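Chemist: If you scroll down you'll find the structure; I have some questions about it.
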Amino acid sequence: MSEHRTVPGVTKVYLRIHEDRLGVLIGEKGEVLRDLEARLGVKITVNSVDSSVVVEPASAYTPASNVIKCQEIIKAIDYCYSYERASRLYDDDSVLLVLDLKDLAGSSESHLQRVKGRIIGEEGRARKTLEEMTGAYISVCREFVAIIGDYSRAELARQAVEMLAQGRQHSTVYKFLDRAIRELKRRESVDLWRKM
């Protein structure tokens with residue numbers, strides 16, 4: 001097993017998160033922060049006055065990749081994920097993709113709300129269907145849509161969200177996903193067969 005060395009004080013990440021997400025990041029009695037620090041070997045400093053967060057290695061032996069992973073998990077929490085769902089980013093195969101709905105829908109508040117409504121669907125059904133079909137987690141938060149999943153499935157979820165934002169019918173988007181997921185599964189099984 002190779003050891004990555006970092007020089008203390010060099011690999012620091014500075015973030016700012018929404019103040020209403022600080023409680024989720026800290027967790028009950030600090031349990032989320034403690035878990036992040038223990039699992040990744042990092043030190044996290046939270047300033048509740050300006051909602052800033054600093055992540056740094058806890059020792060010279062903490063890999064820089066762990067600091068980056070911690071940053072991604074904190075970003076996911078900021079994009080309205082629970083810690084439980086954000087924890088999927090501990091998996092090296094998982095990514096966090098973020099779409100700015102203003103880029104897709106413009107800055108008109110009414111149009112933004114309409115697009116968010118299309119992505120979420122009545123009683124959350126559209127988002128739930130997209131999650132079930134892709135296996136990715138989708139969060140509609142403020143003017144962003146965040147997606148957590150393995151790269152291929154997260155990318156398909158991103159395409160589906162963009163299609164909905166562009167006004168495509170839900171049924172059209174589901175048909176697209178159905179075909180794309182079948183093709184992805186076929187490619188994965190061929191790759192698995194080749195490795196045997």
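Just so you know, all these numbers are worked out from the coordinates, no wet-lab data involved. Note that the structure is predicted; figures quoted are calculated from it, not measured. All Cβ positions, even for glycine, are placed from backbone atoms using ideal geometry, and neighbour counts span all protein chains on display.
Chemist: With the structure loaded, tell me whether Ile181 is outside any helix (DSSP H, G or I) and of a type in the set (A, V, I, L, M, F, W, C) or whether it fails that test.
Modeler: no
Chemist: Can you say whether Arg158 is in contact (Cβ under 8 Å) with a residue 24 or more places away in the chain, within 24 Å of Leu89 (Cβ to Cβ) and basic (Lys, Arg), as far as the supplied structure shows?
Modeler: So Arg158 passes the test.
For every residue, the table says whether it meets (1) in contact (Cβ under 8 Å) with a residue 12 or more places away in the chain; (2) closer than 26 Å to Asp20 by Cα.
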| residue | (1), (2) |
| --- | --- |
| Ala105 | yes, yes |
| Ser108 | no, yes |
| Arg125 | no, yes |
| Asp150 | yes, no |
| Arg186 | no, no |
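Chemist: Within the bounds of the stretch 135-143, is there any residue that is charged (D, E, K, R) and part of a helix (DSSP H, G or I)?
Modeler: No.
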